[in-house]
Amino acid sequence: MRTIETIYINGEFIKPEGSQLFDLINPTTNQLIGQVTLGNENDTRKAIAAAKEAFKSFSKTSISERIEYLQRLHDSVLKRKNELINVMVEEYGGTLQFCTYGFEYMLQSFTSAITMLEKYDFTKRMGVSDVQMTPLGVVGIIIPWNSSNGFVCNKFAMSIAAGCTAVVKPSEMSALQTQIITECFHEARLPAGVFNVVNGLGDVVGAEISRNPDIAKISFTGSTVVGKLIAREAVNTMKRITLELGGKSPNIILDDADLSKAIPLAIAAAYMNSGQACIAGTRLLVPESRLEEVKELVKSFVSQVQVGDPKKETTAVGPMVSKKQYERVQNYIKLGIEEGAQILIGGLGHPEGLEDGNFVRPTVFVNVNNKMRIAQEEIFGPVLCILTYNTEDEAIEIANDTVYGLQAYVSSSDEARARRVAAQINAGRVQINGLNHDPEAPFGGFKQSGIGREFGIYGLEAYLEPKAFIY
């Protein structure tokens with residue numbers, strides 16, 4: 001069993017004032033694998049003070065210096081590739097497939113930030129004035145457990161690129177992952193105070209970050225409920241905020257789509273990261289006239305989805321992160337049955353032979369209407385709802401009939417038609433005939449899926465404030 005007894009402040013691993021212990025549980029076996037000592041409000045204040053002091057000089061660094069730091073971070077992370085992948089599989093239960101992809105995403109955070117810095121102009125001419133894009137200050141980074149180090153790397157890379165300093169509150173459930181990434185960042189020899197980490201609870205460490213007047217900006221990824229709490233607290237000191245929140249992504253399969261291609265993509269979109277993804281395409285909208293074809297293909301493909309040991313290369317769906325999350329998904333499956341939806345495949349309980357872990361049977365509901373809670377609420381597990389439509393306009397209406405608007409998907413053999421439909425969907429990103437990621441394109445949500453954007457120029461400028469010089 002591993003024990004983590006330090007936090008990271010001002011360039012050093014130190015013991016926190018906090019003394020509360022948190023158990024780290026392997027979700028595949030539900031066995032205890034470690035403990036972490038959690039920081040408290042005073043620890044958080046120390047981290048913020050260190051970041052505030054470091055900002056005085058770091059905000060004045062040159063572009064070439066920031067690029068050098070980003071390259072060092074990239075190289076330090078790359079050295080520990082296998083450890084970073086394996087610890088995510090063990091502690092989070094992410095599949096080897098997903099965690100390997102997630103590692104490349106981590107590295108891409110630094111390389112894309114470098115590419116952007118090489119071409120971004122921090123001083124712009126507007127009218128008769130010069131406008132200088134200046135770093136905001138200390139950034140509070142609050143992240144969830146479903147891709148912990150990926151979020152750390154992306155958000156911190158943008159912080160470095162902008163000339164900001166940071167205090168990170170990772171999920172307490174990700175402490176083993178956090179320890180390794182923090183060691184990587186320490187090895188990169190950043191100036192003391194530029195990067196600080198306090199393991200702790202959201203209502204302790206997260207709350208202090210949200211209310212502390214020395215935090216200039218918060219970048220948060222997590223649930224809409226928590227995002228609203230952070231926003232309410234942040235407004236008291238007029239913090240800038242980027243909130244990447246929940247989703248209930250629609251996936252429209254148009255009537256001219258090649259189902260042999262569209263259905264496997266739809267299953268992959270729904271069950272990505274074992275369904276624990278804010279961008280999961282969990283509402284599949286199909287033409288009423290093709291429903292029977294869709295049901296047959298969905299049932300066939302889902303029956304081939306391998307659930308089990310996340311260390312195996314062929315596993316596509318691993319365990320839920322915790323017993324609590326497992327029960328949440330089970331309760332939604334029960335709710336779907338009570339609401340009158342029909343299970344096409346999957347259902348309640350563990351898959352056979354996987355009773356010791358937090359494994360869920362990949363489930364598909366049919367006879368779903370968009371008023372049902374299973375069609376409106378984020379389940380965060382491998383549960384797909386199939387809804388039908390009769391016209392293109394009706395499909396768009398159903399797709400937009402949600403409080404969320406993070407991501408959407410459209411499949412069609414006519415790309416121009418797919419683009420026309422995509423343009424009418426209220427979502428920050430729309431995937432057309434595929435599942436791709438563009439690190440230079442903005443990512444964020446409409447409606448209750450969030451505020452602001454990450455990635456690319458929009459992501460960088462979320463860490464900057466324009467200052468006009470008028471002569």
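Things to note:
- Once region 180-199 is narrowed to residues that are under 20 Å from the mean Cα position of the chain (by Cα) and either free of Cβ contacts under 8 Å to residues at least 24 places away in the same chain or farther than 22 Å from GLU41 by Cβ (or both), the residue that is surrounded by the fewest Cβ atoms within 10 Å (Cβ to Cβ) is ILE180.
- Any chance SER147 is closer than 13 Å to ILE181 by Cα, of a type in the set (Ser, Thr, Tyr) and surrounded by 16 or more Cβ atoms within 10 Å (Cβ to Cβ): yes
- Residue list for region 254-274, restricted to those being buried (at least 22 other Cβ atoms within 10 Å of the Cβ) and under 26 Å from VAL360 (Cβ atoms): ALA262, ILE263, ALA266, ILE267, ALA269, ALA270, TYR271, ASN273, SER274
- Qualifying residue in region 263-282 (condition: in a loop (DSSP other than H, G, I, E, B), more than 19 Å from the chain's Cα centre (by Cα) and either without any contact (Cβ under 8 Å) to a residue 60 or more places away in the chain or within 18 Å of SER412 (Cα to Cα) (or both)): no
Quick grid of which residues meet (1) surrounded by fewer than 21 Cβ atoms within 10 Å (Cβ to Cβ); (2) of a type in the set (A, V, I, L, M):
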| residue | (1), (2) |
| --- | --- |
| SER76 | yes, no |
| ASN82 | yes, no |
| TYR92 | no, no |
| THR100 | yes, no |
| LEU107 | yes, yes |
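- Conditions (1) over 29 Å from GLY318 (Cα atoms); (2) buried (at least 22 other Cβ atoms within 10 Å of the Cβ); (3) of a type outside the set (D, E, K, R): number failed by VAL204: (2)
- If the condition is being within 10 Å of THR237 (Cα to Cα) and either without any contact (Cβ under 8 Å) to a residue 12 or more places away in the chain or in contact with a helix residue (DSSP H, G or I) (Cβ under 7 Å, 6 or more places away or on another chain) (or both), then region 203-223 contributes SER210, ARG211, ASN212, PRO213, ASP214, ILE215.
- Index of the failed condition, GLN35 passing every other in (1) assigned to a strand (DSSP E or B); (2) surrounded by 21 or more Cβ atoms within 10 Å (Cβ to Cβ); (3) not hydrophobic (A, V, I, L, M, F, W, C): (2)
- Test result for VAL403, closer than 30 Å to GLU90 by Cα and among the β-branched types (Val, Ile, Thr): no
- Those strands (runs of 3 or more DSSP E) lying entirely in region 367-434 with at least 2 residues under 19 Å from the mean Cα position of the chain (by Cα) and surrounded by 24 or more Cβ atoms within 10 Å (Cβ to Cβ): 407-411
- Candidate set: region 329-366, residues that are among the polar types (S, T, N, Q) and assigned to a helix (DSSP H, G or I); chosen: the one surrounded by the most Cβ atoms within 10 Å (Cβ to Cβ): GLN330
- Scanning region 223-239 for residues that are out of contact with any Ser or Thr (no Cβ under 9 Å at 6 or more places or on another chain) and not in a helix (DSSP H, G or I), we see that the one that is farthest from PHE443 (Cα to Cα) is MET238.
- Beta carbons closer than 6 Å, at least 6 apart along the sequence or on distinct chains, pair a first residue in region 334-350 that is assigned by TED's automatic domain parsing to the domain that holds GLU377 with a second that is surrounded by 15 or more Cβ atoms within 10 Å (Cβ to Cβ) and assigned to a loop (DSSP other than H, G, I, E, B) for GLU339/MET372; ALA341/ASN367; ALA341/VAL368; GLN342/ASN367; GLY346/ARG361; GLY346/PRO362; GLY347/ARG361; HIS350/PHE359.
- Tally of residues being more than 28 Å from PRO319 (Cα to Cα) and either at pLDDT below 95 or part of a loop (DSSP other than H, G, I, E, B) (or both) across region 57-102: 4
The values are calculated or read from the model by the stated rules, or taken from the named source; none is laboratory data. As the structure is a prediction and not an experimental result, all values here were calculated from the model. Note that each Cβ is placed from the backbone with ideal geometry, even for glycine, and that neighbours are counted across all protein chains shown.
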